1. Can you give me the convex hull volume of the Cα atoms of segment 34-92, divided per residue and expressed in Å³?
2. What is the helix-to-structure angle for 223-232, meaning the angle in degrees between its Cα long axis and the longest Cα principal axis of the chain, kept from 0 to 90 and rounded to the nearest 10?
3. Summing Lys, Arg as +1 and Asp, Glu as -1, what charge do residues with Cβ under 14 Å from the Cβ of Gln20 carry, Gln20 excluded?
4. For helix 80-92, what angle does its Cα long axis make with the longest principal axis of the chain, in degrees from 0 to 90 and rounded to 10?
5. For the chain, what relative contact order do you get, as a whole percent, if you take Cα pairs closer than 8 Å and at least 6 residues apart?
6. Using the Karplus curve 6.51 cos²θ - 1.76 cosθ + 1.60 with θ = phi - 60°, work out ³J(HN,Hα) for each residue of segment 141-153 in order, rounded to whole Hz, and write x for Gly and Pro.
7. Would you compute, from DSSP H runs of 4+ residues alone, the mean residue ellipticity of the chain at 222 nm, taking -39500 (n - 2.57) per run and dividing by the full residue count, rounded to the nearest 500?
8. GNM on the chain, C-alpha springs below 10 Å: top fluctuator among Gly164, Gly120, Gly150?
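The values are calculated or read from the model by the stated rules, or taken from the named source; none is laboratory data. Given the structure is predicted, the values throughout are model-derived calculations rather than measurements. FYI the Cβ positions are ideal-geometry reconstructions off the backbone, even for glycines, and counts take in every protein chain you see. With ligands, DNA and RNA removed, areas are computed over all heavy atoms of the protein, side chains included. Shrake-Rupley method; radii C 1.70, N 1.55, O 1.52, S 1.80 Å.
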Amino acid sequence: MRYLILSDIHGNWDALSAVQRHLRQKECDAVLVLGDLVGYGADPDRVVSAVRRLPEPVYTVRGNHDRVVTDLSLAAGFNEAAQRAARWTAEHLEESNLRYLGRLPRGPIQVAPDIAICHGSPVDEDDYLLSAGGAAEAFAAHQAPVTFFGHTHIPSAFTLAANGGGVDGERMDEGSMELDPARRYLLNPGSVGQPRDRDPRASCMTYDEKTREACWYRVEYPVRSAQKRIVAAGLPSILAERLALGL
Ligand code: ZN
């Protein structure tokens, strides 16, 4: 089985459609969506509809933005721009798409004997896995050999060495990594719709179960177009500006 892994699309239709065009040739058998389909971007309906139309099998977990949009009483924990975006998104989503988001499961979920997915961390869907210490806790709490996670918007890999060894963490550029069956992994594809590693290109990954090859991709998309939509929608301008900076 070859998986396409998408995370943190954040209502960015320009980025998602570019990724779909780019990855079509790569022939994936299943898609894993790690949450935050909406929030920040100006095309939540098109993004949710596109995810719902992906050919099965598709496994999706909810992100914190998906959860807040379906229950605005939870928005208090968000900063001002994110709160405004959440309210705007809730108002502009079709009823059936809003219901779809409300039904998304909380991670982690097991998608294959060796593979799990979650939004933030397998310990807590809202945790940011940014350090080897956090990753060590996650490895201790959940046993899946390979877990894909999102939420930080930073393509990265944490590796637990065999035989009680330590945890290594690294940021990932475009390129591939062959997974060692003796080790365990927490892998982040980066964000499709709002990268935060100072590279504005959309980020995603594939994983081939047979060859154990994980591959990270960056895909150019029309950032100006996504920015114009955000401004035209009356969303906070910072949400447009940050897309060009990859922040
Ligand atoms: Zn996110």
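1. Working: hull volume 4.2 nm³, N = 59.
In segment 34-92, the Cα hull volume divided by residue count equals 72 Å³.
2. Long axis of 223-232 versus the principal axis of the chain: about 40 degrees.
3. Numbers: positive: Arg21, Arg24, Lys26, Arg46, Arg52, Arg53; negative: Asp14, Glu27, Asp43, Glu220.
With Lys, Arg at +1 and Asp, Glu at -1, the net is +2.
4. Helix 80-92 and the main axis of the chain meet at about 70 degrees.
5. On the way: 593 pairs, mean separation 56.8, N = 247.
Averaging sequence separation for qualifying contacts and normalising by length gives 23 percent for the chain.
6. Karplus-based 3J(HN,Hα) across segment 141-153 equals 7, 10, 9, 4, x, 10, 10, 9, 9, x, 6, 7, 6 Hz.
7. Details: 8 runs with 79 residues, N = 247.
Mean residue ellipticity, 222 nm, calculated: -9500 deg cm²/dmol.
8. For the chain, modelled as a Gaussian network with Cα springs under 10 Å, the answer is Gly164.
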